[in-house]
Structure formats: C-alpha cells, structure tokens
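As structure tokens, the structure follows; a few thoughts come after it.
The values are calculated or read from the model by the stated rules, or taken from the named source; none is laboratory data. Since this is a predicted model, take the numbers as computed values, not measurements. Positions of Cβ are generated from backbone atoms using ideal geometry, with glycine treated the same way; all protein chains shown enter the neighbour counts. Just so you know, the surface numbers come from the protein's heavy atoms only, side chains and all, with ligands and any DNA or RNA stripped out. Shrake-Rupley method; radii C 1.70, N 1.55, O 1.52, S 1.80 Å.
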Amino acid sequence: MRFKCVLLAALLVACQTSSAQFTALPEDVRSVLDSVGPVWAEDISGNIRKSVLAFTPILKNAPKDGVKVERNLSYGAHPLQSFDVYRTDDTSNAPIVVFVHGGAYVGGSRNSTAEISANIPTYFARHGMVGVNIDYRLAPEAVWPAAAEDVGSLVQWLHDNGRDYGGDPEQIYLIGSSAGATHIATYTYDEELHPPSGHGLAGVILMSGRYHISSSPNDPNLAKVRAYFGENPDEYERMSVINQVENGPLIPTYIVIAEFDNPGLDVSGAELFAALCRRDRRCPKFTRLRHHNHLSMNYSFNSPDKRLSRSVLDFIRMGR
C-alpha cells in the first residue's frame with residue numbers, strides 16, 4: 001500500500017507542467033489548441049489539420065541557425081528504410097538524436113510537410129547535436145515487429161557510421177511519437193530484437209505511444225492496429241511492450257503524454273510509467289504537457305513553447 005501511495009504521488013508531481021511558455025505562442029495558435037483540445041477525439045483528422053495549419057507559419061519562420069541537411073541516406077534495402085541528417089558545420093562528437101514519426105502503423109512520413117517533422121531534428125542540430133529523421137516500413141506490407149527491427153537497423157547504422165556525421169555513437173537517443181514511440185519501446189525493451197553487441201542506446205523519449213495492445217472497440221485506430229499487429233487478439237499480450245519491461249534492459253526513459261491525447265494513449269503512457277516505477281523502485285521522467293494535443297506537442301519543438309523541448313534537452317544532457 002505504501003508503495004502504491006508513493007507511486008501515485010510521484011505521478012501526480014511528474015504530470016505538472018507550467019503554462020508560462022505556452023503563452024509565448026501567438027494568441028491565434030493558443031486559441032486553436034484550446035478549442036480543439038476538449039473535442040480532440042471527436043474529429044482527430046480534422047483537428048490534426050487545424051493544428052498543422054496553426055503551427056506551420058511559426059515553424060517556417062523558426063530559427064535554423066546554419067543547420068544543414070543531408071537527405072535520403074539509407075540504412076536498408078527497402079525504399080522506406082531511409083533518413084535525413086541535420087547538423088551544423090562545427091558539430092563534433094555530439095549526441096545523436098533520432099526522431100521516429102507516427103502514423104498509426106500504416107502511414108506517416110519523416111517529412112509530413114516541409115516543416116513537420118523537420119522541426120524536431122532541426123531543433124537538436126541547433127543545440128549542437130546531430131538530428132536524424134527517419135522513415136520505416138509500414139503495415140500492411142510490414143507487420144510486427146518489422147518497424148521495431150528497422151529502429152534497430154538504424155541504430156546499428158549509426159554505431160557504424162555516426163562519427164562520419166559528427167556524432168558520438170555511444171550517445172544515441174531515440175524520440176518517438178505515437179506509433180513511432182511504440183516501435184522504439186518495442187526495440188528498447190524486447191531483448192530478442194537486440195544484436196549480440198547490445199541495444200546501443202543511451203536513452204529513449206516516448207511520446208504518446210501504445211504500449212499495451214488491445215482490440216478495444218473504442219480505439220479510433222483499431223483497424224490500423226490490426227493491420228500491424230494482426231487480427232488475432234490472443235497474440236496481443238505477447239506483442240505488448242508493457243509485458244517486456246520486467247525483464248528488459250535498464251535504459252533511461254522519458255515518458256510524455258498530452259493533456260488532450262488520442263483515446264487510451266495517455267493511459268498507456270501512465271501504465272508504462274507505473275511498470276518502470278515498480279521494476280526499478282525509482283520512477284522515470286514523466287510529463288503531461290498541458291494545453292497540447294496528441295500531435296501538437298511534436299510541433300512545439302523549435303517553437304516559442306519550449307517546455308517540452310528544453311525538458312528533453314535536459315534529459316539528454318543529464319543522461320536521465
């Protein structure tokens with residue numbers, strides 16, 4: 001009982017975020033986020049479009065500070081096993097920060113628009129790191145655990161070649177959003193997916209991923225979940241990250257959810273938080289980002305709202 005109380009208190013404290021940086025966003029953007037937030041799940045696609053339109057002018061005019069991009073590198077034979085590298089000319093022996101996009105397992109792109117998701121590796125390149133933006137194989141062509149295997153292949157590529165781009169292969173951090181967070185977490189905690197040399201990670205940042213697979217009829221993406229994880233729900237427990245944690249490796253983890261998240265993904269993040277607290281007897285870093293929705297927290301990188309981006313920088317610089 002005492003541990004449960006401590007766990008609850010830790011989660012409540014971890015969830016608190018200040019709204020001060022939110023007010024740095026233009027008023028029209030704040031208005032969009034505050035209006036779509038409470039009704040996010042009623043029209044997810046429409047509210048995504050509204051959020052993208054609100055952030056695009058900000059990200060288009062955001063500082064890029066000498067960041068250069070090397071595009072369309074390959075870490076495998078499939079056309080989607082490709083990525084872009086963001087860095088400045090003086091980057092050397094720097095942490096490598098990889099962004100893995102979402103898309104409900106069947107879609108998405110590392111370049112959803114000219115600004116999204118390039119804003120994320122751009123932000124880290126501006127702060128002296130090597131930013132990497134990747135694509136991976138998608139369902140229904142590629143099914144579980146193909147995308148997690150792609151994450152592992154990219155990590156191995158960076159270990160072999162990262163120094164050629166100014167990176168330190170011993171400091172590889174993965175950031176995933178939605179399905180991207182699921183794929184990262186699957187690779188991170190399932191040791192059967194690791195090469196003999198080990199997982200190769202310094203830490204992971206998991207934003208609104210799905211860590212406990214189910215066939216809930218309330219899931220707006222259930223058909224897409226089935227496309228990747230299969231039609232047999234009896235297999236879902238075996239595929240769920242939450243059931244790999246207990247015997248998984250000890251890797252620094254930062255869990256993020258949005259105040260207005262896709263149905264069930266905030267609960268999934270809280271479940272992973274609790275599982276790591278129980279396993280380690282010490283809780284990982286956790287943020288519930290106020291005012292933001294499932295995807296607008298991605299768009300906040302390299303914007304005036306620095307709450308999440310600065311927190312991730314701190315996590316990387318401190319190693320926990």
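Things worth noting here:
- Residue-normalised accessible area of the chain, given per residue in Å² at a 1.4 Å probe: 42
- A crude spin-label estimate for the pair Thr56 and Val143, with each label 7 Å from Cα along the Cβ direction, gives 3.7 nm.
- Debye intensity ratio I(q)/I(0), log10, region 51-111, q values 0.19, 0.28 Å⁻¹ (C-alpha model): -1.01, -1.25
- Long hydrophobic helices in the chain: the complete DSSP H runs spanning 18 Å or more by Cα along their own axis with mean Kyte-Doolittle hydropathy of at least -1.0 are 2-15, 44-60, 146-161, 265-280.
- Neighbourhood charge, 15 Å Cβ-Cβ cut-off, centred on His291 and excluding it, Lys, Arg +1 and Asp, Glu -1: -1
- Taking a sphere under 9 Å around the Cβ of Ala118 and counting the other residues whose Cβ falls inside, with K and R at +1 and D and E at -1, yields a net charge of -1.
- Carbon-plus-sulfur accessible fraction, region 15-166 (probe radius 1.4 Å, protein heavy atoms only): 49%.
- One equal scatterer on each Cα of the chain, no solvent, Debye formula: the resulting log10 I(q)/I(0) at q = 0.08, 0.16 Å⁻¹ is -0.32, -1.48.
- Taking Cβ atoms as reference points and 14 Å as the exclusive limit, the residues near Ala77 contribute a net charge of -3, counting Lys and Arg as +1 and Asp and Glu as -1.
- Convex hull volume of region 227-306 per residue (C-alpha atoms, cubic angstrom): 126
- Partners for Lys60 among lysines (Cα-Cα distance below 21 Å; same-chain residues under 8 apart left out): Lys50, Lys68, Lys306
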